[in-house]
Amino acid sequence: MADEAKAKGNAAFSSGDYATAIRHFSDAIALAPDNHVLYSNRSAAYASLKNYSDALIDAKKTVELKPDWSKGYSRLGAAHLGLSQYEDALSAYKKGLEFDPNNEPLRSGLADAQKALAEASRPRSSAANPFGDAFSGPEMWTRLTADPTTRAYLQQPDFVKMMQDIQRDPNKLNLYLKDQRVMQAIGVLLNVKIQTSPSADVDIPDSPPPSTSERKRAAEAEPAKQPEPEPEPEPMEVSEEDKSAKQKKAEALKEKEAGNAAYKKKDFDTAIQHYTKALELDDEDISYLTNRAAVYLEMGKYEDCIKDCDKAVERGRELRSDFKMIARALTRKGTALVKMAKCSKDYDPAIETFQKALTEHRNPDTLKKLNEAEKAKKDLEQQEYFDPKLADEEREKGNEFFKQQKYPEAVKHYTESIRRNPKDARAYSNRAACYTKLGAMPEGLKDAEKCIELDPTFVKGYTRKGAVQYFMKEYDKALETYREGLKYDANNQELLEGIRTCIQQINKASRGDLSPEELKERQAKAMQDPEIQSILQDPVMRQVLVDFQENPKAAQEHTKNPMVMNKIQKLVSAGIVQMR
């Protein structure tokens, strides 16, 4: 049960539903309070919701339960870091690295904590610009270079000068907000979509840009002191090479738009021509490759789709493209591999590719495709394993061991028979008999019920189920099972004998012939039965029981009601009431 709740929590976490994940992890913890992994997972979910206080509590519990587990210290450090407890975060990360010196999350967390501590120690002006951190250090230039749009701006000297001014004094940002290039740069540095081009990817639309009022509120959130206006920089001459590169990028975007339009019209050949032309003009935008791969996928040219996806991943890593774009390429490749799969082993590379995509970006669609691929592989494995002839041979081997009273060995062969032919009711029936001999009543009952489900006319299923219920002292249920079996074989001696023994036990309870220990045991077992509980909680039946004790005339009328008497009989069989 704890593993099931944990699996549900992991699935909710993967889909970004952190509140539901916390609920499932809490259910799992209630069932397995000493499992350190559950506290670690819930800590991560709390941290994802910015609830660092509860994340810290769970992280401490994780370390307490498993002091030598490096991930526990990673959770502890992250919680301290979220609470701005930088010294404690440093201590947690360092402690974790003592157990696992090469752990990348711990090393990365340590670096973040050191940077945060340094930033916190640095004196700040009371009128500091709220976007100041976005422009600090060489990371600003790295991020601007990684984005295809702002990379082109870096070839323009006036843009470079503006960004240098802002980096030296973030309060100067307000001087340049009217320049759309600066607004685009802010979007890249803050990882928000301030201005978007009309040519989004074909299958995943971009999020809508913030409204003008939202941008205005962000700019006015912390008013900065307006410095004296500076003279506008003189325009500088742009080289012919830069002009040519800029023109090619613009032409490439037009080709992409034309390709998108052709794709929507199902004109795949034309779409490929446009995407190919866009690639020739600009090889620094991997969306041209992923879009062309999508067309190949629709056309059933899976090999070409996979080649384009591989190129997109390789080129994307060189350009440090958005991880979502790389994840998209990997997901598309996995989809093509699934389309090509002909046997269960063919699903392995597809499953591996989907898993790689999820490490880049936890996309619900990718997770769904992974689950579908794993299920398809499992179903195909069962089909490939299906062999009725071998199933019969294994069942016969199980019969021999059963005759020798070697029940565990018999169970092993019956199980293999079921794997070879899961539709054979006889194997379930035989294994149910083994489980009954071994005292594994719940397993025996499950197999007997499966046997009846597969073949309702197979009488052995009813004798197996009735025997299990009899040994579980559920005599009224066993009686119903035996009577149900008689509908298909009215003269079956096993069924008739089962009915006789059940009635004997039920009458024993009715006469009050049970010993005090037997009566107490039967009543305790009955009180756990939902059906018995329902009868005792029914106001009508409670009045009926009172009438049987105090009002003989009313009781006489009740005996004429078959439904009432059926319920009374169940209570008698359970030892709850006695008829005198």
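Numbers at a glance
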| item | result |
| --- | --- |
| Built amide H within the under 5 Å cut-off of A440, gap 5+ | none |
| Nearest 10 degrees, 0 to 90: helix 268-281 Cα axis against the chain principal axis | 40 degrees |
| Accessible-area composition of the chain, carbon plus sulfur, in percent [1.4 Å probe] | 50 percent |
| Residues of segment 289-355: accessible area per residue with a 1.4 Å probe, Å² | 48 Å² |
| Distance in nm between pseudo-label sites at S515 and L31 (7 Å out along the Cβ direction from Cα) | 3.8 nm |
| Degrees between helix 441-454 axis and first principal axis of the chain (Cα, 0 to 90, nearest 10) | 80 degrees |
| Over the chain, relative contact order from alpha-carbon pairs under 8 Å, at least 6 apart, % | 5 percent |
| Spin-label model distance (nm) - T501 vs S84, 7 Å beyond Cα toward Cβ | 7.5 nm |
| Cβ-defined net charge surrounding T559, 13 Å radius [Lys, Arg +1; Asp, Glu -1] | +1 |
| Rel. contact order, % - alpha carbon contacts under 8 angstrom, at least six apart, segment 361-430 | 30 percent |
| Two-decimal log10 I(q)/I(0) for segment 420-493, as the Debye equation yields it once each C-alpha is a single scatterer, q = 0.16, 0.21, 0.22, 0.23 Å⁻¹ | -0.48, -0.82, -0.89, -0.96 |
| Segment 51-103: mean projected area of Cα convex hull, nm² | 3.0 nm² |
| Value at 222 nm in deg cm²/dmol, rounded to 500, when DSSP H runs of n ≥ 4 in the chain each add -39,500 (n - 2.57) | -23000 deg cm²/dmol |
| Where segment 138-190 is the region considered: accessible area per residue in Å², 1.4 Å probe | 45 Å² |
| J(HN,Hα) series, segment 328-336, from Karplus relation 6.51 cos²θ - 1.76 cosθ + 1.60, nearest Hz, glycine and proline x | 5, 5, 5, 5, 5, 5, x, 5, 5 |
| Rounded accessible area per residue of segment 1-118, 1.4 Å, Å² | 51 Å² |
| Per-pair calculated FRET efficiency, R0 = 22 Å: K339 and E381 via Cβ, rounded to 0.05 | 0.70 |
| For volume of the Cα convex hull per residue in Å³, calculated from these coordinates, the label among (i) 271; (ii) 294; (iii) 182 | (i) |
| Electrostatic dipole magnitude of the chain [Cβ: Lys, Arg +1; Asp, Glu -1; Cα centre; debye, to 20] | 1720 debye |
| Cα-only radius of gyration and Dmax that characterise segment 138-190, units Å | 9.9, 27 |
| Modelled FRET efficiency - R0 51 Å, A490 with E303, Cβ distances, 0.05 increments | 0.20 |
| Hydrodynamic radius by Kirkwood, which averages 1/r over all alpha carbon pairs of segment 247-384, in angstrom | 15.4 Å |
| Segment 1-92: trypsin sites (Lys or Arg not before Pro) falling in loop per DSSP and having at most 14 other Cβ within 10 Å | K50 |
| Charge dipole (segment 278-357, unit charges on Cβ, about Cα centre) - positive-most of G316, C343, I306 | C343 |
| 0 to 90° range, to nearest 10: angle between helix 180-190 axis and the chain longest Cα axis | 40 degrees |
| Furthest towards positive pole of dipole, I418, A250, I503, structure part the chain, Cβ charges | I503 |
| Residue among L110, N430, Y462 farthest towards the positive dipole end of the chain, charges placed on Cβ | Y462 |
| Cα gyration tensor of segment 1-118 - equivalent ellipsoid semi-axes, whole Å, descending | 24, 15, 11 |
| Length released on extending from V540 to Q164, taking residue separation times 0.36 nm less the Cα-Cα span | 126.8 nm |
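The values are calculated or read from the model by the stated rules, or taken from the named source; none is laboratory data. Quantities reported herein were computed from a predicted structural model and do not represent experimental measurements. So basically every Cβ, Gly included, is an ideal-geometry build from the backbone, and we count neighbours across all protein chains shown. Note: accessible area is taken over every heavy atom of the protein model, side chains too, but ligands, DNA and RNA are not part of it. Shrake-Rupley method; radii C 1.70, N 1.55, O 1.52, S 1.80 Å.
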